[in-house]
Amino acid sequence: MSPRAARPGATAGAAAPGLGAILDAIPFACAAFSRADGALAAANHGFQDAFAALPGHRDRQQLASALGVAPDADGAEARAPHSGHWYALHWRPLAADGQAFDLLTAVDISARLEALDTHKHRQEKLLFTSRLMSVGEMAATLAHELNQPLAAIVNYLNGSLRLVGQAGGPAQVERALVAARTQAEHASAVIARVREFVRAREPRRDAQEVGVIAHTVLELLRLEAERQQLRIDLALSPSLPAVYADRVMVEQVLLNLVKNAIEAMREVPAPQRELRIEGRVNLDDEIEVRVLDRGGGLGPAESEQLFSPFFTTKSDGLGIGLAICRSIIEYHEGRLFFEPRTGGGSVFAFTLPRAEGRL
Ligand SMILES: Nc1ncnc2c1ncn2[C@@H]1O[C@H](COP(=O)(O)OP(=O)(O)OP(=O)(O)O)[C@@H](O)[C@H]1O
Ligand SMILES: [Mg+2]
């Protein structure tokens with residue numbers, strides 16, 4: 001041990017009597033190192049408390065390397081490995097008793113960093129909540145406006161079905177009426193759930209099969225798909241684990257994504273119109289559902305705005321489909337994202353947690 005090094009618990013080393021007393025008046029961890037050999041010459045109690053347990057703290061080089069900074073890095077922020085505290089480090093030249101020292105002050109900034117972190121976290125949460133609220137309010141308004149006409153549509157369809165039944169056909173009309181009623185009932189279910197969602201802000205989640213959800217969605221879009229002569233490739237393994245989700249909400253997400261995919265392929269030649277729905281367990285052990293199309297894809301500028309409410313490139317679009325999808329998926333602790341598809345087109349994918357262990 002260098003004879004000039006500060007004794008543990010002492011405030012001054014032999015080489016700099018008086019210096020320790022001065023350093024002790026400073027409210028931060030503070031230590032003087034000899035300019036000549038970098039050995040610790042004096043330290044205040046703050047420094048002893050913060051760094052005495054750190055091996056090598058009596059030598060400027062070793063101390064700096066333990067903190068992961070350069071020995072003369074003025075203004076550096078460093079994490080002390082033994083305590084996990086963060087310090088802002090400053091070096092100043094100091095002459096005392098005819099000797100040259102370099103004075104280190106180490107201000108503990110852990111609390112400030114933590115506050116910043118919390119602030120950022122809160123900010124993000126706020127942003128998320130406000131996005132959810134605006135989409136929620138919009139949805140509530142729509143739900144309110146659409147509820148009455150939808151109920152009337154279902155009533156009319158039921159009336160028509162009764163009349164067709166009494167008249168004994170024709171069967172095609174009956175099928176079309178049943179299909180129309182299925183659509184209207186789905187719309188009502190979505191609206192009912194949206195209202196509940198907005199009111200309670202708590203989806204009703206339980207174990208759901210992605211395959212069942214995909215079939216429901218494709219059934220709702222069958223007409224549209226046939227009209228476009230679309231090839232649909234449903235690649236969901238029956239062994240795909242169940243997800244922990246609100247069924248109607250996830251149906252709504254998938255419906256929006258598949259609708260977008262179909263709309264994206266309006267302009268491409270019919271033989272290329274291929275839609276694929278895949279499911280897999282990803283590396284984070286979540287279920288990832290992927291909707292792949294062979295449409296025009298998206299440029300970098302578009303893909304940035306994609307999820308903002310009211311962003312649309314369609315003359316008949318509202319631009320809220322993806323914004324709602326994202327709110328729903330985030331509510332389910334999942335992610336919704338876009339990727340270009342190899343060979344042309346887009347991939348829209350979302351993740352959902354597994355039901356296993358949640359019920
Ligand atoms: N599969 C896709 N391929 C290419 N572009 C897409 C695809 N899906 C979405 N987009 C782009 O993102 C925009 C926003 O989609 P979003 O679903 O939010 O709104 P929209 O489809 O335009 O209207 P709506 O509110 O009726 O859904 C679309 O207008 C389109 O430009
Ligand atoms: Mg859409």
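Read-outs throughout are calculated quantities, based only on the coordinates presented, and are distinct from any laboratory measurement. The structure presented is a predicted model; accordingly, all values stated were derived computationally and were not measured. Note that we place each Cβ from the backbone using ideal geometry, even for glycine, and neighbour counts take in every protein chain shown.
Observations on the model:
- Couplings 3J(HN,Hα) for region 52-65, derived from phi with the Karplus relation 6.51 cos²θ - 1.76 cosθ + 1.60 (θ = phi - 60°), are 4, 7, 8, x, x, 6, 7, 10, 4, 4, 5, 4, 4, 5 Hz, where x marks Gly and Pro.
- Between region 17-74 and region 237-266, the Cα center-to-center distance that results, in Å: 61
- Calculated FRET value between GLU224 and GLU333, using beta carbons and R₀ = 41 Å, to 0.05: 0.85
- Amide H to amide H distances under 5 Å link GLN99 with no residue, where only residues 5 or more positions off or on other chains count and H is placed in the peptide plane.
- Counting Cα-Cα pairs of region 206-359 in 5 Å increments starting at 0 gives whole-percent bin shares of 2, 9, 19, 24, 21, 15, 7, 3, 0, 0.
- FRET efficiency, GLU196 to LEU113 (Cβ-Cβ, R0 51 Å, nearest 0.05): 0.80
- Amide H contacts under 5 Å for ALA29: ALA106, ASP108, restricted to partners 5 or more places along the chain or on a different chain, H placed in the peptide plane at 1.01 Å from N.
- Nonlocal amide H pairs with ARG341, under 5 Å, H built at 1.01 Å: SER346, VAL347
- Sorted from longest to shortest, the spans of the Cα atoms of the chain along the three principal axes equal 114, 44, 40 Å.
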